[in-house]
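Here is the structure we will look at, set down as structure tokens.
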Amino acid sequence: MYARSVKGKAIRLGVSGRLLDFNLVMWDPETDSLWSQMTGKALYGPAKKKGLALDVMPSLFVSFSMWKALHPNTDVLDLPPVRSKGWHFTTKTLVKGKNRYGDALGLAVESGGDAVAVSYEAMRGQGAVQPPMKHLAPVFVWIPKYSSAVVYDARIEGKPLHFAMKEGLLVDASSGRKFDPLTGKEVGKPQGAVLARLNAMPAVLDFWKDAHPSGRVVR
Amino acid sequence: MHSHVRAAAGRALPRLLAAILCLGALRAQEQKPDMQGVDDWDQRKRPAPWGKEAPGDEVVDVRLMPLERVPYSVPSRLHNPVGDDELVIGCVVDGKAVAFPVKMLGGPHREIVNAKAGASLFAASW
């Protein structure tokens, strides 16, 4: 999900007819440039010469039930399906942790040139995965009720907590503080802390690694 | 007296049925999402001008004009139902939550949807 304005000017994004590393290449008629869907960076044309990149919009890649639980008054795109009915557009994809071609899937987080991706298989197996990063302390969380995953900043007031999933809650190992994995809110304390959600992009891990050679993958 | 009533009812009933049918048709038309141009591949395709130096591989020799006008509904009034276990890409922009069911993106004519919420412009892609 990308913002479609560049240097304050609106652009529209269309399908270019090209793929890069098996990933969609976008184009815009306003600057006649090509853009990478995976990284948001301009690949070709005037925008590439200026070194431009699209800003990432925070988004979630989750089940419809989880999205409705978070946002009951949501708008929903209302078009006939273009895909035949099958597991590959349902949460079974996340439970299997693979797409229909057998490629491992995960969620990726980037910050200040540092990047890490965690497989759905690891999230589902461990409940909570906390790979180290230079400027962030992400915790990748599997939510069994919705067969979906979300990523939070594990820091509260600047101090990282160390989470494990216990009885459906995120529990800090040292303090015992508990958090709701759906909302990030501290449980049992009306004025308690709230974990900030981090923006995570769904990714085919092998292709993501090709596009982020210095990034780390937790499988 | 009874014959008058029967005659009057006989004249009114077809009109009443016709009115109900017309209202039903109008309501169905009103509720049907506006699909104009969404899946019109021919109308949106343009020659791809990029040369061999452009990155990536050419999959089709055309590019598609951006898709902008698409219908949205609230969950309880979806014309095209979405199951609870189906995957969506969701975002909150300018306080407005919007979900894009993955099964509705692709094609490749619908791989990117250009959207707007408040003053914010964004694009969902798959």
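The values are calculated or read from the model by the stated rules, or taken from the named source; none is laboratory data. Given the structure is predicted, the values throughout are model-derived calculations rather than measurements. In this analysis, Cβ positions are derived from the backbone assuming ideal geometry, glycine residues included, and neighbour counts consider all displayed protein chains. With ligands, DNA and RNA removed, areas are computed over all heavy atoms of the protein, side chains included. Shrake-Rupley method; radii C 1.70, N 1.55, O 1.52, S 1.80 Å.
With respect to the conditions (1) more than 24 Å from A:Lys166 (Cα to Cα); (2) modelled with pLDDT of 95 or more; (3) in contact with a Lys or Arg (Cβ under 8 Å, 6 or more places away or on another chain), A:Trp142 lacks only one, and its number is (1). The set of residues in the range B:36-66 that are closer than 30 Å to A:Asn73 by Cβ and either outside any loop (DSSP other than H, G, I, E, B) or within 7 Å of another protein chain (Cβ to nearest Cβ) (or both) comprises B:Val38, B:Pro66. Count of the range A:89-114 residues, restricted to those that are open to solvent by less than 20 Å² (accessible area, probe 1.4 Å), within 14 Å of chain B (Cβ to nearest Cβ) and in contact with an Asp or Glu (Cβ under 9 Å, 6 or more places away or on another chain), is 4.
What number of residues within the range A:141-157 are assigned to a strand (DSSP E or B) and more than 18 Å from A:Lys178 (Cβ to Cβ)?
Adding up the residues that qualify gives 3.
In the condition set (1) within 20 Å of A:Pro58 (Cβ to Cβ); (2) touching a residue at least 60 places away in the same chain (Cβ under 8 Å), A:Ser147 is compliant with all but (1). Counting the residues of the range A:147-167 that are in contact with a helix residue (DSSP H, G or I) (Cβ under 7 Å, 6 or more places away or on another chain) and surrounded by fewer than 23 Cβ atoms within 10 Å (Cβ to Cβ) gives 1.
Residues that are more than 7 Å from every other protein chain (Cβ to nearest Cβ) and either closer than 14 Å to A:Leu52 by Cα or buried (at least 24 other Cβ atoms within 10 Å of the Cβ) (or both) were ranked within the range A:7-25; the one that is modelled with the highest pLDDT is A:Ile11.
Of the residues making up the range A:134-145, those that are under 16 Å from the mean Cα position of the chain (by Cα) and either outside the structural domain of A:Phe179 (by TED's automatic domain parsing) or within 24 Å of B:Ile89 (Cβ to Cβ) (or both) number 7. Residue-level check: of (1) more than 22 Å from A:Met66 (Cβ to Cβ); (2) among the aliphatic types (A, V, I, L, M); (3) within 21 Å of the chain's Cα centre (by Cα); (4) open to solvent by 50 Å² or more (accessible area, probe 1.4 Å), A:Ala173 misses just (3). In the range B:94-103, is there at least one residue being in contact with a Phe, Trp or Tyr (Cβ under 6 Å, 6 or more places away or on another chain), free of Cβ contacts under 8 Å to residues at least 60 places away in the same chain, surrounded by fewer than 19 Cβ atoms within 10 Å (Cβ to Cβ) and within 7 Å of another protein chain (Cβ to nearest Cβ)? Checking the range B:94-103: not a single residue is in contact with a Phe, Trp or Tyr (Cβ under 6 Å, 6 or more places away or on another chain), free of Cβ contacts under 8 Å to residues at least 60 places away in the same chain, surrounded by fewer than 19 Cβ atoms within 10 Å (Cβ to Cβ) and within 7 Å of another protein chain (Cβ to nearest Cβ). Taking the range B:68-78, which residues are assigned to a loop (DSSP other than H, G, I, E, B) and touching a Leu at 6+ places or on another chain (Cβ under 9 Å)? Scanning the range B:68-78 gives B:Val70, B:Pro71. Residues in the range A:26-69 that are among the aliphatic types (A, V, I, L, M) and more than 8 Å from every other protein chain (Cβ to nearest Cβ): A:Met38, A:Ala42, A:Ala47, A:Leu52, A:Ala53, A:Leu54, A:Val56, A:Met66, A:Ala69.
Listed by position, the strands (runs of 3 or more DSSP E) enclosed by the range A:37-95 that each have at least 2 residues that are within 25 Å of A:Ala149 (Cβ to Cβ) and not small (Gly, Ala, Ser) are A:60-63, A:75-77. Among the residues making up the range A:128-173, those that are at positive phi and among the acidic types (Asp, Glu) are A:Glu157, A:Glu167. All conditions but one from (1) touching a residue at least 40 places away in the same chain (Cβ under 8 Å); (2) more than 8 Å from every other protein chain (Cβ to nearest Cβ) apply to B:His79; the one that does not is (2).
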